[in-house]
1. Regarding ALA228, is this residue touching a helix residue (DSSP H, G or I) at 6+ places or on another chain (Cβ under 8 Å) and small (Gly, Ala, Ser)?
2. Please work out which residue is nearest to the chain's Cα centre (by Cα), limiting yourself to the stretch 232-253 and to residues that are closer than 24 Å to ARG123 by Cα and surrounded by fewer than 24 Cβ atoms within 10 Å (Cβ to Cβ).
3. Quick one: count up the residues across the stretch 1-55 that are within 20 Å of the chain's Cα centre (by Cα) and either on the phi < 0 side of the Ramachandran plot or outside the structural domain of ALA356 (by TED's automatic domain parsing) (or both).
4. Output the residue which, of all residues in the stretch 7-34 that are surrounded by 13 or more Cβ atoms within 10 Å (Cβ to Cβ) and among the charged types (D, E, K, R), is nearest to ARG411 (Cα to Cα).
5. Being over 22 Å from GLY275 (Cα atoms) and either part of a loop (DSSP other than H, G, I, E, B) or at pLDDT 95 or above (or both) narrows it down to one of SER100, SER85, so name that one.
6. Identify the residue in the stretch 35-77 that is among the acidic types (Asp, Glu) and farther than 25 Å from ASP406 by Cα and, among all such residues, is surrounded by the most Cβ atoms within 10 Å (Cβ to Cβ).
7. Quickly run through the stretch 49-64 and pick out the residues that are under 15 Å from MET317 (Cα atoms) and part of a helix (DSSP H, G or I).
8. Which is within 22 Å of the chain's Cα centre (by Cα) and closer than 24 Å to GLY56 by Cβ, of ALA336, ALA306?
Amino acid sequence: MTSSEDLHKRRLAAVAKGVGSVVNAYVDHAKNGTITDVDGREWIDFASGIAVTNVGNAAPRVVEAVRAQVERFTHTCFMVAPYESYVAVCEQLIALTPGSFEKRAALFNSGAEAVENAVKIARHATGRPAVVVFDHAYHGRTNLTMALTAKNMPYKHRFGPFAPEVYRAPMSYPLRDGGLSGAEAARRAIDVIEKQVGGPNVAAVLIEPIQGEGGFVVPAPGFLPAIAAWAKANGAVFVADEIQTGFARTGQWFASEHEGLEPDLITTAKGMGGGLPIAGVVGRAELMDAVHAGGLGGTYGGNPIACAAALAAIETMRELDLCAAARRIESIIEPALQEMRDPGVAEVRGRGAMLAIELVLPGGIEPDPTRTARVSKACHDAGLLTLTCGTYGNVLRFLPPLVISDEDLGRGLGILRAALRS
């Protein structure tokens, strides 16, 4: 069998350098909470392909559904010759997302594509140009979503000019905003929006209920409802980017539910497809249906194989009660992380199986990206796949598959504990 070293040599000769990887071990197979590379080395997976394999890799129902669909047909393009599975996925999105109002949905390929289409829908429905986003936000790598994303390196550097009419407001970041309550942080953000943009110009307010790449920032209680209420009062569309937080990751089907939010539009992707690329926008019928026929779509959006995988993944989430599994994972990881705290760990935060620690220089809150990178590398060297994130590169995030065993969870935490101590 080809080794990781051999494959890496081939990669250097064939793959563009702009495509990076966390580790240089090449995967042979994966199951539940572990990944095995081509050299036979096993890795405990605390990444889930960036919150994608919520149901685990090669989940039996997903494998079976994909195999059956491939044998029937692989593609027709829903805009040319439609099929039932696309409709069924939209029905599931309507049933699962918060909001008692009438809804519609549309399917796409990626999270960035879903966000772009949510912005299109909001602008078309309101006739307004401006989109409000927040500090530390991450929404994707396309031109518009780079404009929506806050962080320069590696996402935006020298890729501009970017799409116009995007405005940024301050986020509620409890560790770093002077102890503001959710209501106080919302007033600060709304003051910026009203002074710099003006309510009548805002088509959409776009926010992650828990920020992902920005550092797993959980806003103070009350912040999100206040922002949503302002959007409603000013005729703007409140859009929840649930691409990383959705599909049982935080202990609810969607993170918006933790504060009783009913967003006008929700964007989904990642965990939705059980590992296959599929995304969606779901929300108020009057907004979704405002767009003219042909205004939404794409060649591969809602591909029949990806739809089959999504339906099987959702069925698995229900059957195994993965919302409860995420809460169980939190009950194990969160106390362990608290026990690992030292003067350089400023905060343990997150919800469900979306948890993080922020590392700082002892004695304050100055970010410590150097230690963060060293701890993550020590984890990798010991066989634990971890990811870093945060505007300052100083956050370790933990996203285990929701089907991970307690044994693998414990082994992973043991590796992390040793890495922090070393």
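1. Values: touching a helix residue (DSSP H, G or I) at 6+ places or on another chain (Cβ under 8 Å): no; small (Gly, Ala, Ser): yes.
Spelling it out, it is not the case that ALA228 is touching a helix residue (DSSP H, G or I) at 6+ places or on another chain (Cβ under 8 Å) and small (Gly, Ala, Ser).
2. LYS232
3. Filtering the stretch 1-55 for residues within 20 Å of the chain's Cα centre (by Cα) gives 19-22, 32-33, 45-55.
Cutting the leftovers down to either on the phi < 0 side of the Ramachandran plot or outside the structural domain of ALA356 (by TED's automatic domain parsing) (or both) gives us 19-22, 33, 45-47, 52-55.
Residues that pass the stated criteria total 12.
4. Step by step, filter the stretch 7-34, then rank; the result is LYS31.
5. Exactly one residue qualifies, and that residue is SER100.
6. Top of the filtered list is ASP39.
7. ALA51, PRO60, ARG61, VAL62, VAL63 - these are the residues of the stretch 49-64 that are under 15 Å from MET317 (Cα atoms) and part of a helix (DSSP H, G or I).
8. Unique residue meeting the criteria: ALA306.
The values are calculated or read from the model by the stated rules, or taken from the named source; none is laboratory data. Here the structure is a predicted model, which is why all the values come from computation and not from measurement. Glycine also receives a Cβ, built like all others from the backbone with ideal geometry; neighbour counts cover every protein chain displayed.
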